[in-house]
1. Quick check on region 51-95: of everything there that is free of Cβ contacts under 8 Å to residues at least 24 places away in the same chain and acidic (Asp, Glu), which residue is surrounded by the fewest Cβ atoms within 10 Å (Cβ to Cβ)?
2. Name the one entry in Thr151, Thr144, Thr188, Thr195 that is modelled with pLDDT under 75, part of a loop (DSSP other than H, G, I, E, B) and touching a helix residue (DSSP H, G or I) at 6+ places or on another chain (Cβ under 8 Å).
3. Under the condition of being within 25 Å of Ser134 (Cβ to Cβ) and free of Cβ contacts under 8 Å to residues at least 40 places away in the same chain, which residue from region 38-50 is nearest to the chain's Cα centre (by Cα)?
4. Hey, can you tell me all the residues within region 203-235 that are within 30 Å of the chain's Cα centre (by Cα), loosely packed, with under 12 Cβ neighbours inside 10 Å and at pLDDT 80 or above?
5. Has region 158-168 got at least one residue that is modelled with pLDDT under 75 and either within 16 Å of Asp217 (Cβ to Cβ) or surrounded by 14 or more Cβ atoms within 10 Å (Cβ to Cβ) (or both)?
6. Can you find a residue in region 100-115 that is part of a helix (DSSP H, G or I) and not assigned by TED's automatic domain parsing to the domain that holds Asp64?
7. For region 96-121, give me each residue that is surrounded by fewer than 16 Cβ atoms within 10 Å (Cβ to Cβ) and over 12 Å from Cys137 (Cβ atoms).
8. Among the residues of region 129-141, count how many are part of a helix (DSSP H, G or I) and either modelled with pLDDT of 85 or more or in contact with a Lys or Arg (Cβ under 6 Å, 6 or more places away or on another chain) (or both).
Amino acid sequence: MMSSCKAATTFLTLIVILVCMEFSVAVITPDSCKVNPTVYGPNATSCADVRDSAECKAIFPMDDPTADPPVRGPNCENPDLESIALECANTCFACCETAAYTCGDDPLSPINCTANVRYCKDANWTTVMSQYCSGTCGLCSSGTGCRDINTGCKDMRTLCNDVNFNTYMRSNCQKTCNFCSTSGTVTTASPGSTTCTDVATNCAANSGLCNNASYRDLMTTKCPSTCNRCSGSGSSGSTCTDSNANCAAY
């Protein structure tokens, strides 16, 4: 009797969803979360369904549950059911399309994120995987106060720490670039930390901007080591001089 009631409830839920659905652009596409045209990547099913899994399977049935490799149910790619499909991301092989995964991995990562996905939930690797493989591991920044404005941020992630694009990326790609604090506000790096290192990846190439009035604050924040503005350095108070007499020739 209980199984009949549950089936009836699931059926009614499906009817309500179909009646109330609104037009939208599909987030889940035939290529979503795939490593090749027929095989899903590890982050396709690395999350749990938000809705009851039995309900998800009823709303998004697979045409052939025995297929190997598996193929997501066609309803998963229906743009009118987008929000429901994302609540059934595991069932729809679409975990990589949920908010926790959409910032992408660091394109300069020294780690093969896909091959090392098993370390995503390893406490000893949390810091490293969060830094380099946040997209694969579902560790992207979250919070209503922090979001990307430009829809192409994921593809521009290499610019996050480029001083030439800092202002733009900080304004438009906060989430992708991890410019957010845990409270959802934008953060600014401070050169006055115990360990002084450059944040940007192209500081040396832009060292000529260290004393440019228009870029001084940005370079101090992003390139404190290159610009010699670490705590206790010659950024203020003391006199800054070259120790090598041949500097001008360089």
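The values are calculated or read from the model by the stated rules, or taken from the named source; none is laboratory data. All values reported here derive from a predicted model rather than from experimental measurement. Cβ coordinates were reconstructed from backbone atoms using ideal geometry, including for glycine residues, and neighbour counts include every protein chain displayed.
1. The qualifying residue surrounded by the fewest Cβ atoms within 10 Å (Cβ to Cβ) is Asp68.
2. On the way: Thr151 fails: touching a helix residue (DSSP H, G or I) at 6+ places or on another chain (Cβ under 8 Å); Thr144 fails: touching a helix residue (DSSP H, G or I) at 6+ places or on another chain (Cβ under 8 Å); Thr195 fails: touching a helix residue (DSSP H, G or I) at 6+ places or on another chain (Cβ under 8 Å).
After applying the criteria, what remains is Thr188.
3. So the first thing to find is which residues in region 38-50 are within 25 Å of Ser134 (Cβ to Cβ), and the list is 39-50.
Checking which are free of Cβ contacts under 8 Å to residues at least 40 places away in the same chain leaves us with 39, 50.
On the way: Val39: 22, Val50: 20 Å.
Once the filter is applied, the top-ranked residue is Val50.
4. Ala204 - this is the single residue of region 203-235 that is within 30 Å of the chain's Cα centre (by Cα), loosely packed, with under 12 Cβ neighbours inside 10 Å and at pLDDT 80 or above.
5. Pass one, region 158-168, residues modelled with pLDDT under 75: none.
No, the conditions are met nowhere in region 158-168.
6. Narrowing region 100-115 to residues part of a helix (DSSP H, G or I): none.
Scanning region 100-115 turns up no residue that is part of a helix (DSSP H, G or I) and not assigned by TED's automatic domain parsing to the domain that holds Asp64.
7. Listed by number, the residues that qualify are Ala99, Pro107, Leu108, Pro110, Asn112, Ala115.
8. So the first thing to find is which residues in region 129-141 are part of a helix (DSSP H, G or I), and the list is 129-132, 134-137.
Restricting the remaining residues to those that are either modelled with pLDDT of 85 or more or in contact with a Lys or Arg (Cβ under 6 Å, 6 or more places away or on another chain) (or both) gives 129, 137.
Result for region 129-141: 2.
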